[in-house]
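Data first, discussion second: the structure below is written as structure tokens.
What follows is calculated from the coordinates using simple rules that are stated; it is not laboratory data. Nothing here was measured: the structure is a model prediction, and the numbers come from that model. Don't worry about glycine lacking a Cβ; one is built from the backbone with ideal geometry, like all the others, and counts go over all protein chains shown.
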Amino acid sequence: MRKVFFLFVLFSSASYAQKIELVPVEFYVNYQDLPSIFVPVELRTYNVKVKTGGTIQDFKATKTLADYVKLDGWKRVSDSAVVNVDIELLDFQKKNDDVQKKSVTKKNRFETVDTAYEVFTIVSNYSGIGNAQIKYYSANSTVPAIKETISFSKTIPYSSVENRDLAYLQNENRINEKANFSNRLSEYVQNSLNQVKNKLNEKFGIAAINLNEELLILVSKEEGDAYKTAIDQTVKKLSEMKPDVAITNLESDLEPSIKYLESLKGKYSGSSKTHKTIRYSAYYNLAKIYLYLDQPEKTIVEGEALIKNGFKKEDGEKLVEMGKKLQSKFNLLNIKSTHNPSTK
């Protein structure tokens, strides 16, 4: 009888341990990636001009090159822009071919040299000359508040494959010289324009982000369907956010879910693993919700509470870091939202 009772207790304990589970639910959130310098929407105009020379002159039309450089969330204009970009791609030439040699040895199982030979590589050096200037004018000013120069003048090496036959490599290099030059020229122009575009958007761009996110659903006898209902409603509302539309009413829409998650902290205040797991889920979900409500200070509070809870502390550390990063960005730009009006 005692043996049967022991097995019953063992089975019951195992069932209890298995009855709580955290299931991630994925969804997409839309918001804006904020720049280093925030400019009001009514002032967001930019202009890009490209000047080409030398071998680049016949590569592509300057308008095509200028149109490639886009500033997210801004309106392109032909003149009187707040941000002006002047790009000069002046020349691109092949300088020389450099033959490089490497000795290769292969040993046998006795660790003595079995084979020794030389392999060759041809390194073709190309030279690009160019630069760009980014100028930002504050309201009613004729003197740029920000002026930044980017240089594209550099030597660009391109290595062939390795081969033991130097004559073969040299012949292949001669046959493909025109195609190789064209490819390297295209890469130089593309990389230069990307350099400008990346710097421009890092400083001023308002990029729309569509990010795959997740919240956690607690599957347990204690809470039944209540937890799933709260998270499903939250996911639905967060998924409806648009990058350039204010989320003024979103917090009130999510208030029932937030209150429910908050109530779990006191309801399950014990030291058991079950209670810690339930509290973890509440801290985690609330931290994420507050982050997308543009309330990073509350994300930090929830993340720190998650760490103190002692279950999956590393998640709390990540959430605190995310909250501090957004808080710092808001303080720097003197704004409080990742959902701001954008140019049409």
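Using the structure shown, select from LYS75/LYS242; LYS236/LYS273; LYS242/LYS324 the pairs with a Cα to Cα distance greater than 26 angstrom.
Numbers: LYS75/LYS242 19 Å; LYS236/LYS273 30 Å; LYS242/LYS324 23 Å.
Beyond 26 Å between Cα atoms: LYS236/LYS273.
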Task: For log10 I(q)/I(0) by the Debye sum over Cα atoms at q = 0.07 Å⁻¹, calculated from these coordinates, the label among (1) -0.57; (2) -0.27; (3) -0.33 - done: (1)
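Structure shown: which of LYS19/LYS329; LYS147/LYS336; LYS199/LYS313 lie over 32 Å apart, alpha-carbon to alpha-carbon?
On the way: LYS19/LYS329 42 Å; LYS147/LYS336 27 Å; LYS199/LYS313 36 Å.
Table pairs above 32 Å Cα-Cα are LYS19/LYS329; LYS199/LYS313.
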Task: Segment SER153-VAL25, length gained on full extension (0.36 nm per residue, minus Cα span) - done: 41.1 nm
- [ ] Treat each spin label as a single point 7 Å out from the Cα along the C-beta direction, and report the LYS267 to LYS63 distance in nm.
- [x] 6.5
- [ ] Along Cα→Cβ, 7 Å out, is where each label goes; now give me the distance between the ones at GLU255 and GLU240 in nm to one decimal.
- [x] 1.6
Open item on the list: Give the separation of the Cα centroids, the stretch 208-236 to the stretch 29-107, in Å.
Closed with: 43
Open item on the list: What does the extension gain come out to for ASP98 and LYS178, with contour length at 0.36 nm per residue minus their alpha carbon separation?
Closed with: 27.1 nm
Task: Relative contact order, percent, the chain [alpha-carbon distance under 8 Å, six or more residues apart] - done: 21
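Residue separation times 0.36 nm, minus the C-alpha to C-alpha distance between LYS308 and VAL113: what's the value?
Gain in length upon complete extension: 64.0 nm.
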